[in-house]
Amino acid sequence: MTSFVAACVQMRTGINPLENLEVCEALIKDAAAEGATYIQTPEMTNVLERSRKAQLAASNFEADDPFLERLGALAQELNVWLHIGSMAIRLEGERLANRGFLISPLGEIVARYDKIHMFDVDLPNGESWRESESYSAGGVSPVIDMGAVKLGMAICYDIRQPAIFREQSKVGAQVLTAPAAFTKQTGEAHWHVLQRARAIENGAFVVTAAQGGVHEDGRHTYGHSLMVDPWGQVIAELDHDEPGILIGELDMAKVGEARQRIPAIENARDFLVATVSVRGEMVS
């Protein structure tokens, strides 16, 4: 297989996991009906709730999560690779993991990824987020050999950390992923350039399913689920923040072509950084 049909499921996740599951299942089925064999959902597919207490109450331990069980069965029913961008998963000690899952067409979880970089920011419009107050960061970045393609897993804010994607590419990743719940403000400023930069740097596809619109908890996410090719060209985009599906064909030959033209990974060298202190003042 030199190419395959991929899909991004764009959602507006609310505070009720069962309602979110119904929406998610319907969109996944729509994507499969369009011929997608790899389907990705966004960050926080199961529940989005500002209140830490409510988010904990709405989340389950992985072994007991009916949302995850249903989606595993759906992947098997549809015979697709299902990438759950992430879910809020309970941990011991009233903590959560922002955890992504890759489920095979057999319905088996073949990879997990706990988001490494926490979204702890203070934005110009007054928005303040402290993901680390509720979530425990991961420390392992997976690359999965799916047979005909190698896929790297990341989540949302990780896209601002190029080292993850470079290390994944160095071990063969051809498709880089960062399913997201970007805020409207940061999305308008940075969304497209970040996806395109990671694709260009690594000569890889970048696929990002997104949350979009005004959610029940009041947050406003950017939407614009995106697929970028290894030359940095946008090949598919949902140009809005409404729920829906994005379909695109990923031709793996383009990865080899881009990396042959500009072998940035092979050309990279180790180096030292020297800091220099200079006395005196700048001359204006």
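Couple of notes before you dig in:
- Only residues that are farther than 16 Å from Glu43 by Cβ, at pLDDT 95 or above and surrounded by fewer than 24 Cβ atoms within 10 Å (Cβ to Cβ) were counted in region 217-245, giving 13.
- Scanning region 151-196 for residues that are closer than 18 Å to Gln260 by Cα and of a type in the set (Lys, Arg) returns Arg166, Lys170.
- Among the residues of region 10-61, those identified as under 16 Å from the mean Cα position of the chain (by Cα) and of a type in the set (D, E, K, R) are Arg12, Glu43.
- Filtered residue count, region 134-168, keeping only those that are of a type outside the set (A, V, I, L, M), farther than 23 Å from His192 by Cβ and either in a strand (DSSP E or B) or modelled with pLDDT of 95 or more (or both): 10
- Among the residues of region 169-179, the ones that are within 13 Å of the chain's Cα centre (by Cα) and assigned to a loop (DSSP other than H, G, I, E, B) come to 2 in all.
- On the stretch given as region 114-151, residues that are buried (at least 17 other Cβ atoms within 10 Å of the Cβ), under 21 Å from Glu49 (Cβ atoms) and either in contact with a His (Cβ under 8 Å, 6 or more places away or on another chain) or among the aliphatic types (A, V, I, L, M) (or both) total 1.
- Qualifying residue in region 181-189 (condition: closer than 25 Å to Ala58 by Cα and of a type in the set (A, V, I, L, M, F, W, C)): yes
The values are calculated or read from the model by the stated rules, or taken from the named source; none is laboratory data. Just so it is clear, the model here is predicted, and its values are computed rather than measured. Positions of Cβ are generated from backbone atoms using ideal geometry, with glycine treated the same way; all protein chains shown enter the neighbour counts.
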